[in-house]
Amino acid sequence: MVEALLFFAPASLIIIGALIVIFARNPVHNAMGLVLTLVSLAIIYITLNATFVAMVQMLVYAGAVMTLFLFVIMMIGVDKKEQSTDSIKGQTFLVIGVFLILISLLAYVAVSSEFKWDLWFPPVEYDLEGTPQLIAGVLFTEWIFPFEIISILLIVATAAAIALAYDTKKKNSNA
Amino acid sequence: MIQRKRIVMLEVTTDWYLTLAAMLFTIGFLGMMIRKNALIMFMCIELMLNAVNLTFISASNHFGKIDGQVFVFFVLVVAAAEVVVGLAIIVSIFRKQSSASVDVLNVSRG
């Protein structure tokens, strides 16, 4: 019963936060809805024995990424009204059609599997605790090549962000 | 006795987590389609990435292998890099056009 409660309470918060993200009009409210979703996801990760990933989720997503989002929202301004006119003809019908197709595909998969996934692929009996030691042991041996590529990607992204911000600044001060 | 126990004890299997991930992905996709503010669209991308992360973690717990969690780590790093570059692009576009709506962004049209 506690297990079910530990699933359904964060799960409903995740859905509520996601709905706030896509339907709220004030960008700050959208960001707060995203924070709600990310923190609830971290709780779900802990119940799934992924403690290290849950902590990284809290630090990187709910901390760093959301701070960056809020900085940009403050720079751009929160009272910007969205354009309500469609630039593509029949955009609304296209959106509803694509969304219905996706929903019906998901429902078809869910119904046709009859929620018997656990019987087809039986779960393991033991609990795998995702500790930093265990993750680091795999990360620095088996996944060392992707790890190095990821570090290069981070350096490139940092350099690109600095270049983008610096270039426009210089143009603004010259003009 | 046994029947009553079955009603009270609702077991949360991996299916529930996968269904939750599918719902989260669908909501993110819907937001991507209906919103025109580039910032909100970025948040919807984050929602979809997190849905995939939830799938990875639940499968990692299901099969008792750590590789899924390592992959979530990679996805987190890629998402952070994507947000940094994307937000820098949005800010530089906003300085030029003073709008974050994607409908204004037709400068690369022929």
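The values are calculated or read from the model by the stated rules, or taken from the named source; none is laboratory data. Nothing here was measured: the structure is a model prediction, and the numbers come from that model. Positions of Cβ are backbone-derived with ideal geometry, glycine not excepted, and every protein chain shown enters the neighbour counts. Surface accessibility is based on the protein's heavy atoms, side chains included, excluding ligands, DNA and RNA. Shrake-Rupley method; radii C 1.70, N 1.55, O 1.52, S 1.80 Å.
Tabulated values for the structure
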{"read-out": "Helix axis angle, B:38-63 relative to chain B longest principal axis, alpha carbon, degrees", "value": "30"}
{"read-out": "Helix runs (DSSP H) in chain A reaching 24 Å along axis by Cα, Kyte-Doolittle at least -0.5", "value": "A:2-23, A:27-47, A:91-113, A:144-174"}
{"read-out": "Per-residue SASA entry for A:Y61, accessible area with 1.4 Å probe, Å² rounded to 10", "value": "0"}
{"read-out": "Helical contribution to [θ] at 222 nm, DSSP H n ≥ 4, -39,500 (n - 2.57), averaged over chain A, rounded to 500", "value": "-24000 deg cm²/dmol"}
{"read-out": "Buried solvent-accessible surface, both chains (A, B), 1.4 Å probe, Å² to nearest 100", "value": "7300"}
{"read-out": "Accessible area of region A:1-79 divided out per residue, in Å², using a probe of 1.4 angstrom", "value": "44"}
{"read-out": "Ranking by accessible area, most exposed first, for B:R95, A:R25 with a 1.4 Å probe", "value": "A:R25, B:R95"}
{"read-out": "Simple Cβ-charge dipole of region A:1-159, Lys/Arg +1 and Asp/Glu -1, about Cα centre, in debye nearest 20", "value": "740"}
{"read-out": "Charged-residue dipole, Cβ positions (Lys, Arg, Asp, Glu), the protein assembly as shown about Cα centre, Debye nearest 20", "value": "1200"}
{"read-out": "B:E82 accessible area, 1.4 Å probe, all protein chains in place, Å² to nearest 10", "value": "50"}
{"read-out": "Ranked order, A:T141, A:T67 - accessible area, probe 1.4 Å, largest first", "value": "A:T141, A:T67"}
{"read-out": "Share of Cα-Cα pairs in region B:38-100 lying beyond 14 Å, as whole percent", "value": "63"}
{"read-out": "Sequence of A:W120, B:W16, A:W143 when ordered by accessible area, the most exposed leading, probe 1.4 angstrom", "value": "A:W120, B:W16, A:W143"}
{"read-out": "Chain A - percent of accessible surface contributed by carbon and sulfur, probe 1.4 Å", "value": "74"}
{"read-out": "Calculated on alpha-carbon atoms, Rg and Dmax of the protein assembly as shown in Å", "value": "21.0, 81"}
{"read-out": "Rounded to the nearest 10 Å², the accessible area of A:I16 at probe 1.4 Å", "value": "90"}
